[in-house]
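Everything below concerns the one structure shown next.
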């Protein structure tokens, strides 16, 4: 019998143990899980337990030995992150942010790169070419850490979050030209060709343009075809194909994989499949980003840091101070308020993952000395560890403003708002849902619709209805669709079990939200009331009341009396179907408790209650 070699599964098992134990522990201690992954990587990496494994063989079982292969897979964490960022934006919103992306972002890269290059020449004694490469590499910041830190602190939609994202996006766009610059300076033959070598970059830009055009033409029909198959597995496969395929196509053109995935996200952000794609790809993004942080932590050489800390700490500290000062000044020049500019500067100040790519190529090409390049990469890794702490400091310096104030001062930074904030959500947009939507429109009440029929969604979306396709029974999908922020919820789906699940999830997310549900009969209506529906309308009873109304009018009873009697009878049925006594008092108390919690948080300036917190009051 062939013996089993478990060593090939060691890295995967160690990472899963990290994700299943250490990250939740850090979260429970109210410490960023990012620090948990980074610390786990440093402890389990070749410079942690791996250094002791030569003396104690049993420690080899708990060591990440093949960090290089892990890093290759971990790069997909950046790809998925940028894809989800693209999903949260749109071409229109990106155009509104163009001043910050191509203004503040480009100015930050050029100014920080120039300042760091000058310091490298005068303080480090480097030549012009090595100093330029080193300065450009250190000017980059960490998209993979800054964005999750902002999302975790619920500040991605704040002014500083949008400004930070604009700078990070410009840095991502600059990766391809900087990689070209490394090869240009490293290869004497390429340098001698001068402008001819620069023209060779134009086909890559043309290929990227072709990728955008192809995406606009093909992505929506592709997802319509896949969604029509009504298979979760096929839909997941299509999502992975688009993300990885666009990343590979972008890398083949000479750009970063993340840029291609970001463009794919932008193209899909305007489709009806956006919310379902977000829910489908979220687990992959979380796992791969965790693996990325573990790989970054594994690259931290603690032994070298302890042996000779001065150069590394000097580079890490100087880098943060110089970049923070320059970014703050540029932020003020672009009319950001001082607290917003300060938070942005602190988040952008540490180095980022693209520095590893640029410096590795520069060291291999002989542009940057091995020792200096290694110290710089170690300093960047150390700086990435302090991003969560700098984020908290920035949040303390910039407590934030109301959405109205942000829009008044700089609308290009204002958050988009939740998809259903202040609107009615209609789940099920068939014959009944369409009629409700038309009546809401007649009274100028905004709404957003959800349905799981691809044909219906495509037809209504082409007609101008704001409607999304997805599995309405999935809690994650409903929350992504904005149910927790809705003005009211209307459930018109035909399947009783689907209506029950939707009402249950919605009531747990918002105990004080009006929920009107379509019921099959009186028994089903009673069950919907028990699950949290404000009103449940049985089809059989309502049809009977309409027939009775018509008969009474036809036999000569005055319309006013008919309407009054029908309303009276409807109220009698409602009282019979609704929970009574202790159940009713308990539900009323739960809703009052949720409202009180929200009021206290708003007065204290705290963020709104999470769905879990709101659900605890029900």
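The values are calculated or read from the model by the stated rules, or taken from the named source; none is laboratory data. Every value quoted in this text rests on a predicted model; they were computed, and no experiment measured them. As a convention, Cβ positions derive from the backbone with ideal geometry for all residues, glycine included, and neighbour counts pool all protein chains shown.
Pick out the one residue from 120, 164 that is without any contact (Cβ under 8 Å) to a residue 40 or more places away in the chain and in contact with a helix residue (DSSP H, G or I) (Cβ under 6 Å, 6 or more places away or on another chain). It would help to see each step written out before you state the result.
Numbers: 164 fails: without any contact (Cβ under 8 Å) to a residue 40 or more places away in the chain.
Answer to the check: 120.
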### Task
Considering each of 427, 432 in turn, give the residue that is modelled with pLDDT of 90 or more and over 30 Å from residue 305 (Cα atoms).
427
## Note on the structure
Per the list (1) surrounded by fewer than 17 Cβ atoms within 10 Å (Cβ to Cβ); (2) farther than 30 Å from residue 35 by Cα; (3) at pLDDT 75 or above, residue check on residue 192 breaks on (3)
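Do we find that residue 444 is more than 29 Å from the chain's Cα centre (by Cα), modelled with pLDDT of 80 or more, part of a loop (DSSP other than H, G, I, E, B) and not assigned by TED's automatic domain parsing to the domain that holds residue 94 in this structure?
Numbers: more than 29 Å from the chain's Cα centre (by Cα): yes; modelled with pLDDT of 80 or more: yes; part of a loop (DSSP other than H, G, I, E, B): yes; not assigned by TED's automatic domain parsing to the domain that holds residue 94: yes.
So residue 444 passes the test.
Based on what the data block shows, is residue 140 within 27 Å of residue 317 (Cα to Cα), under 24 Å from the mean Cα position of the chain (by Cα) and touching a residue at least 12 places away in the same chain (Cβ under 8 Å)?
Working: within 27 Å of residue 317 (Cα to Cα): yes; under 24 Å from the mean Cα position of the chain (by Cα): yes; touching a residue at least 12 places away in the same chain (Cβ under 8 Å): yes.
When the stated conditions are applied, residue 140 passes them.
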### Single residue of region 144-161 satisfying the filter (within 16 Å of residue 37 (Cα to Cα) and touching a helix residue (DSSP H, G or I) at 6+ places or on another chain (Cβ under 7 Å)) that is surrounded by the fewest Cβ atoms within 10 Å (Cβ to Cβ)
147
### Message
Looking at region 287-302, can you tell me whether even one residue there is over 25 Å from the mean Cα position of the chain (by Cα), more than 30 Å from residue 210 (Cβ to Cβ), assigned to a helix (DSSP H, G or I) and without any contact (Cβ under 8 Å) to a residue 40 or more places away in the chain?
### Response
no
#### Entry: Selection within region 508-532 - in a loop (DSSP other than H, G, I, E, B) and in contact (Cβ under 8 Å) with a residue 40 or more places away in the chain
510, 511, 512, 532
### Query
Is it true that residue 214 is part of a helix (DSSP H, G or I), surrounded by fewer than 18 Cβ atoms within 10 Å (Cβ to Cβ), in the same structural domain as residue 378 (by TED's automatic domain parsing) and modelled with pLDDT under 90?
yes
### Query
Can you name the residue in region 367-396 that is touching a helix residue (DSSP H, G or I) at 6+ places or on another chain (Cβ under 7 Å) and outside any helix (DSSP H, G or I) and, of all such residues, is surrounded by the most Cβ atoms within 10 Å (Cβ to Cβ)?
368
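So which of 490, 505 ends up being at pLDDT below 90 and either closer than 19 Å to residue 422 by Cβ or in a helix (DSSP H, G or I) (or both)? Walk me through it before giving the result.
Values: 490 fails: at pLDDT below 90.
Answer to the selection: 505.
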### Query
How about region 321-341: which of its residues are over 16 Å from residue 109 (Cβ atoms), surrounded by fewer than 21 Cβ atoms within 10 Å (Cβ to Cβ) and in contact with a helix residue (DSSP H, G or I) (Cβ under 8 Å, 6 or more places away or on another chain)?
332, 337, 338, 339
### Search result, residues across region 228-245 that are modelled with pLDDT of 90 or more and in contact with a helix residue (DSSP H, G or I) (Cβ under 6 Å, 6 or more places away or on another chain)
234, 235, 236, 238, 239, 242, 243
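Looking only at region 278-310, which residues are farther than 30 Å from residue 84 by Cβ and surrounded by fewer than 16 Cβ atoms within 10 Å (Cβ to Cβ)?
Looking only at region 278-310, we keep the residues that are farther than 30 Å from residue 84 by Cβ, and these are 301-310.
Those that are farther than 30 Å from residue 84 by Cβ and surrounded by fewer than 16 Cβ atoms within 10 Å (Cβ to Cβ): 302, 303, 304, 306, 307, 308, 309, 310.
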